[in-house]
1. All but one of (1) over 19 Å from the mean Cα position of the chain (by Cα); (2) modelled with pLDDT under 95; (3) not polar (S, T, N, Q) hold for Arg75; which doesn't?
2. Return the residues of the range 51-82 that are farther than 18 Å from Lys10 by Cα and touching a Gly at 6+ places or on another chain (Cβ under 6 Å); say none if nothing qualifies.
3. What number of residues in the range 160-219 are under 27 Å from the mean Cα position of the chain (by Cα), loosely packed, with under 13 Cβ neighbours inside 10 Å and of a type in the set (D, E, K, R)?
4. So which strands (runs of 3 or more DSSP E) stay within the range 118-219 end to end and still have 3 or more residues that are at pLDDT 80 or above and not aliphatic (A, V, I, L, M)?
5. Among the residues that make up the range 54-64, is at least one of them in contact with a Ser or Thr (Cβ under 7 Å, 6 or more places away or on another chain) and outside the structural domain of Glu208 (by TED's automatic domain parsing)?
6. Return the only residue of Glu32, Glu59, Glu42 being farther than 21 Å from Val92 by Cα and touching a Phe, Trp or Tyr at 6+ places or on another chain (Cβ under 9 Å).
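The values are calculated or read from the model by the stated rules, or taken from the named source; none is laboratory data. Nothing here was measured: the structure is a model prediction, and the numbers come from that model. Cβ: placed from backbone, ideal geometry, glycine included. Neighbour counts: every protein chain shown.
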Amino acid sequence: MYIVVVGGGKVGYFLSLALLSEGHEILIIEREADKCKVIADELGSVVMRGDGCEVRTLEDAGANRADLLVAVTHRDEVNLVACQVAKHRFGVKRTIARISNPKNEALFKMLGIDVTVSSTNLILEQIEEKLPTHPMVHLLTLEEGNLEIVEVNVQPDSAVVGKKISNIVLPASSLICLIINSTRGAQIPAGSSIIEAGDHIIAVTQPEHEAELRIALTG
């Protein structure tokens, strides 16, 4: 697989190092000459100096034959433009962008970036996963189906404790697909299944209904 990496900082360097070790063909695009020299000295001729947002630079990098472009600079706007140019000018099928500000994630997805990676959100999700009182934890985004998989921790004072699933009004396009109980283990629920305090509910919903689902399952 031929992969273009825009940004030769620490993230770009170590990402490229890992990809090279897996046998992929890599080209790093980096604006700063000193970084290019370090990469060339340590990884060989897998780096070119240039602006990953410019059409000419991406053309020289052979973006028209790239299977994937990954933009990992420290500037969100640069990563967005690089992915946009790669996708719409050179037909790169898959683009991945690093995001520093989580508020930009929705914009990136709206503009067609295939995958966004927010280090801030990743750290927050790890923190939330360790907080037993946190009502909802985001587990996974299914890009193709525009769906979110979330985990809801049922607290003793939750409005759904003691209720049958069939009596819980869920938002549109939402489904409870698994209940994990410390005593019974994991169960695929039926309409007659009763929610207990301490249950961990795995549910699927659309991003726009995530807040409604949280309210429905936590009160």
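1. (1)
2. Thr57, Ala82
3. Counting residues in the range 160-219 that are under 27 Å from the mean Cα position of the chain (by Cα), loosely packed, with under 13 Cβ neighbours inside 10 Å and of a type in the set (D, E, K, R) gives 1.
4. 147-153
5. no
6. Unique residue meeting the criteria: Glu42.
Matching residues to (1) over 14 Å from Gln84 (Cα atoms); (2) at pLDDT 95 or above:
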{"site": "Ser21", "(1), (2)": "yes, no"}
{"site": "Glu25", "(1), (2)": "yes, yes"}
{"site": "Ile28", "(1), (2)": "yes, yes"}
{"site": "Cys36", "(1), (2)": "yes, yes"}
{"site": "Gly44", "(1), (2)": "yes, no"}
{"site": "Arg49", "(1), (2)": "yes, yes"}
{"site": "Glu54", "(1), (2)": "no, yes"}
{"site": "Arg65", "(1), (2)": "yes, yes"}
{"site": "Val70", "(1), (2)": "no, yes"}
